[in-house]
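Worksheet: the structure to be examined is printed underneath.
The numbers here are math on the coordinates, done by the rules we state, and not lab data. On a predicted model such as this, the values are computed, not experimentally measured, just so you know. Cβ coordinates were reconstructed from backbone atoms using ideal geometry, including for glycine residues, and neighbour counts include every protein chain displayed.
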């Protein structure tokens, strides 16, 4: 059975593709808008000039300076357009409004045909962690290597992994206009200090698309505990996801409430409202997940299932410089549309 599901972003989402745009040659910021430069179009325009060869060589020389990039080099690029009479606004492949000046590298979101999407692997990874959390019991913790643990003892290894019966598609692409740019900050809960921002492409909150979830197990192919992998039993999966999410949200809100910084007021309200939404969710048709950049250690693991002594021991062994009583000490915030938000939250709903 293939279940068609609507996905809605509840906060900015970034799934990186590993590529970056350089502030020295790939884009120009001007008056609240970032213009992605189309180098082929620029060359085409320059080739129409009488002194085209000289201008093209000059443009290539400007681009090459990015290796030793500096603010002066960035200004040199903008000056090149002014000196040659080229309007970079008409030589852009994309124009994206932003909050405040952008003058750093931009980490790109995954796209197809220029349109952002969310990979099914990101969604399935989050679902897998929720399922592990549901079935994991405290007596299991001393029998496994928790570092890199992905539920092998529950689901089987390699081609025997029963979650092969759960298939999650990539989302349908969002529209090109649904792509944004935001500043990602690391906020220290101990010191209330904000680190230097990292700039990333995002799909902002309030955008919708669809995915397909396939439940492919036949009668007798999976243990009775995993009947939700069979056609017609998918309702239980959403309840499992929401239980995991609710546990993480409650613990996360308690952690950030230790800070009295005004920087976190928007975040505290967001989490309180989200806890209410997940608690009241109809588990037969909707679920809430966190994906992509900015997740915490707890969003990626089953850490809250572990006993406190075991968890503290594991943190001390794996993160030598960390304080197990205050871990992790930083959180990722996103500045977008004048608000500090937490990235990666989505809602899925049966259609």
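Residues 284, 330 in ascending order of nearby Cβ atoms (within 10 Å, fewest first): 284, 330.
The protection proxy used here, the mean number of other Cβ atoms lying within 10 Å of each residue, ranks peptides 256-262, 103-109 as follows, highest first: 103-109, 256-262. As a length-normalised measure over Cα pairs under 8 Å and 6 or more apart, the relative contact order of region 8-165 settles at 31 percent. Between region 127-181 and region 254-273, the C-alpha centres lie 28 angstrom from each other. Rounded to the nearest 500, the helix-only mean residue ellipticity at 222 nm of the chain stands at -9500 deg cm²/dmol, with each DSSP H run of n ≥ 4 adding -39,500 (n - 2.57).
Estimated at 0.36 nm per residue, the fully extended path between residue 277 and residue 94 surpasses their Cα-Cα distance by 62.3 nm. Of the residues 246, 25, the one with the fewest other Cβ atoms within 10 Å heads the list, and the complete ranking is 246, 25. With R₀ fixed at 30 Å, the C-beta to C-beta distance from residue 56 to residue 104 puts the FRET efficiency at about 0.60. Note: relative contact order over the chain, using C-alpha pairs below 8 Å and six or more positions apart, is 28 percent. Residue ranges 79-89, 136-146 sort as 79-89, 136-146 when ordered by packing (mean number of other C-beta atoms within 10 Å per residue, highest first).
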